[in-house]
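Everything below concerns the one structure shown next.
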Protein chains: 2
Amino acid sequence: MSNTPSIQGYTYGSGAVARSPVTPSDFELMKKNVLFGDEDVKYLRLSQGIVEDQVEAILDVWYGFVGSTPHLLASFAGKGDGKPLGDYLGGVRGRFGRWILDTARAEYDQTWLDYQHEIGLRHHRTKKNRTDGAASTAIVPFRDLFLLIFPVTFTLKPFLAKKGNSTAEVEKMYGAWVKSCLLQVTLWSHPYVKDGDF
Amino acid sequence: MSNTPSIQGYTYGSGAVARSPVTPSDFELMKKNVLFGDEDVKYLRLSQGIVEDQVEAILDVWYGFVGSTPHLLASFAGKGDGKPLGDYLGGVRGRFGRWILDTARAEYDQTWLDYQHEIGLRHHRTKKNRTDGAASTAIVPFRDLFLLIFPVTFTLKPFLAKKGNSTAEVEKMYGAWVKSCLLQVTLWSHPYVKDGDF
């Protein structure tokens, strides 16, 4: 998965991605906080085969929500005129689809950790817009980051249930996704947090 | 609930609490992000009657988790010797119990918003330890805040199910609690986030 030149700006595993300021041992402690264990890895990987042919349909739902919520859409709109930027939305969409697969693949190693930091920088004013050359707003506000975990995972659940898995399996996949999102958005928050407070 | 002199340091609704930097209109947008609506208020209030006589048992579970997780317990331990501070743990516990009831009461008005900011300051280095005069660590690290939403709500679920409500009702109460916690911890994060990035 580290060589996917066809996705614009997807630099996972490449030399363009800096080392995460969060160490693997920090991350191990973070996993304990959220009760993330081997069973979650197992159920994320079970979800991989379920979501991989539904990625575009899932993105349609998520983009539908963002697109119908003006203050969220603003992060993908022109800084001056507030009009949605189609190229920017499209560029992000390609990487967002791959994010679904990378989350489900659950290889949460150093390379993955580094790329989570890159994702954080691209939400933060440090690197927002740069990947797509977009003339959009300066930052995705911090207050929008964690709250979106609920709609993203809640609307994912019906897709997890579409391939005949038991209710118990769907619940475990859902729980693993929620935990993974809490871990990831915590990592993404690093550039937003004051020095020494993370 | 604004007059509860018996709980040490519980200043909800008092003049000792400053105005939240997050306005009610900001908060309305935050509610949209997390899909928090009238139905969530209804199910939080349904949970009120269910949890009110189980507060100590719920706190036993949560304290058991923190107490058995050294890097979490460290936030309640002596700065020098790393030994748990009983008075500090006890003082926080009283307010934590009241937090359960305030969350379930779901009167998320200006007074509540202001107190969420106060709770954030007390986790952050701005005011940590001050309420209880504790000689503990300088800050609850940011990376511990959101991740704890999972164990806190996941272990709450069996308590929500103890009074004979249907599975559907328990799920709706659980969902409302998760959303409320995401909203609250986002508000608590304000002192941790760089100026202008919230």
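The values are calculated or read from the model by the stated rules, or taken from the named source; none is laboratory data. Values in this document were obtained by computation on a predicted structure and should not be read as measured data. Every residue, glycine among them, receives a Cβ derived from its backbone with ideal geometry; neighbour counts consider all protein chains shown. Accessible surface is based on the protein model in full, side chains and every heavy atom, while ligands, DNA and RNA are left aside. Shrake-Rupley method; radii C 1.70, N 1.55, O 1.52, S 1.80 Å.
Kindly evaluate A:Ala77 against the criterion of being open to solvent by less than 50 Å² (accessible area, probe 1.4 Å), within 26 Å of A:Thr137 (Cβ to Cβ) and among the small types (Gly, Ala, Ser). It is true that A:Ala77 is open to solvent by less than 50 Å² (accessible area, probe 1.4 Å), within 26 Å of A:Thr137 (Cβ to Cβ) and among the small types (Gly, Ala, Ser).
Among the residues making up the stretch B:98-109, those that are among the aliphatic types (A, V, I, L, M) and outside any loop (DSSP other than H, G, I, E, B) are B:Ile100, B:Leu101, B:Ala104. Can you tell which of B:Tyr88, B:Tyr63 is closer than 26 Å to B:Lys162 by Cβ and surrounded by 13 or more Cβ atoms within 10 Å (Cβ to Cβ)? That would be B:Tyr63, the only listed residue that is closer than 26 Å to B:Lys162 by Cβ and surrounded by 13 or more Cβ atoms within 10 Å (Cβ to Cβ).
Would you check if there is a residue in the stretch A:127-139 being of a type outside the set (D, E, K, R), more than 17 Å from A:Thr11 (Cβ to Cβ) and under 15 Å from the mean Cα position of the chain (by Cα)? No, because not a single residue in the stretch A:127-139 is of a type outside the set (D, E, K, R), more than 17 Å from A:Thr11 (Cβ to Cβ) and under 15 Å from the mean Cα position of the chain (by Cα). Of the listed requirements (1) within 14 Å of chain A (Cβ to nearest Cβ); (2) over 25 Å from A:Gly37 (Cβ atoms), B:Val66 misses just one: (2). Cβ-Cβ distances below 7 Å connect the following pairs, each with a first residue in the stretch A:181-196 that is closer than 17 Å to B:Gly120 by Cβ, a second residue that is assigned to a helix (DSSP H, G or I) and open to solvent by 10 Å² or more (accessible area, probe 1.4 Å), and a separation of six or more residues or different chains: A:Thr186/B:Arg143. Among the residues of the stretch B:29-70, just one is under 20 Å from B:Leu145 (Cβ atoms) and charged (D, E, K, R), namely B:Lys31. The set of residues from the stretch B:103-156 being within 11 Å of another protein chain (Cβ to nearest Cβ), farther than 30 Å from B:Ser25 by Cβ, open to solvent by 20 Å² or more (accessible area, probe 1.4 Å) and touching a helix residue (DSSP H, G or I) at 6+ places or on another chain (Cβ under 6 Å) comprises just one member, B:Thr155.
Within the stretch B:38-59, the residues that satisfy the criterion of being without any contact (Cβ under 8 Å) to a residue 60 or more places away in the chain and touching a Lys or Arg at 6+ places or on another chain (Cβ under 7 Å) are B:Gln48, B:Leu59.
Applying the condition of being basic (Lys, Arg) and buried (at least 20 other Cβ atoms within 10 Å of the Cβ) to the stretch A:160-193 and asking which residue is farthest from the other protein chains (Cβ to nearest Cβ) yields A:Lys172. Residue pairs whose Cβ atoms lie under 6 Å apart, sitting 6 or more positions apart in sequence or on different chains, and linking a residue in the stretch B:84-113 that is touching a residue at least 12 places away in the same chain (Cβ under 8 Å) and closer than 28 Å to B:Pro70 by Cα to a partner that is of a type in the set (Ser, Thr, Tyr) and surrounded by fewer than 18 Cβ atoms within 10 Å (Cβ to Cβ), do not occur here. Condition check for A:Arg93 on (1) exposed (fewer than 15 other Cβ atoms within 10 Å of the Cβ); (2) under 18 Å from A:His123 (Cβ atoms): one failure, at (1). For the stretch B:28-47, a residue qualifies if it is open to solvent by 40 Å² or more (accessible area, probe 1.4 Å) and more than 14 Å from chain A (Cβ to nearest Cβ), and the qualifying residues are B:Asp38, B:Lys42, B:Arg45, B:Leu46. From the list B:Ser25, B:Ser68, B:Ser14, B:Ser20, the one residue that fits, being under 22 Å from B:Tyr108 (Cβ atoms), at pLDDT 95 or above, small (Gly, Ala, Ser) and open to solvent by 60 Å² or more (accessible area, probe 1.4 Å), is B:Ser25.
When B:Gly9 is tested against the conditions (1) in contact with an Asp or Glu (Cβ under 8 Å, 6 or more places away or on another chain); (2) within 14 Å of chain A (Cβ to nearest Cβ), the lone failure is (2).
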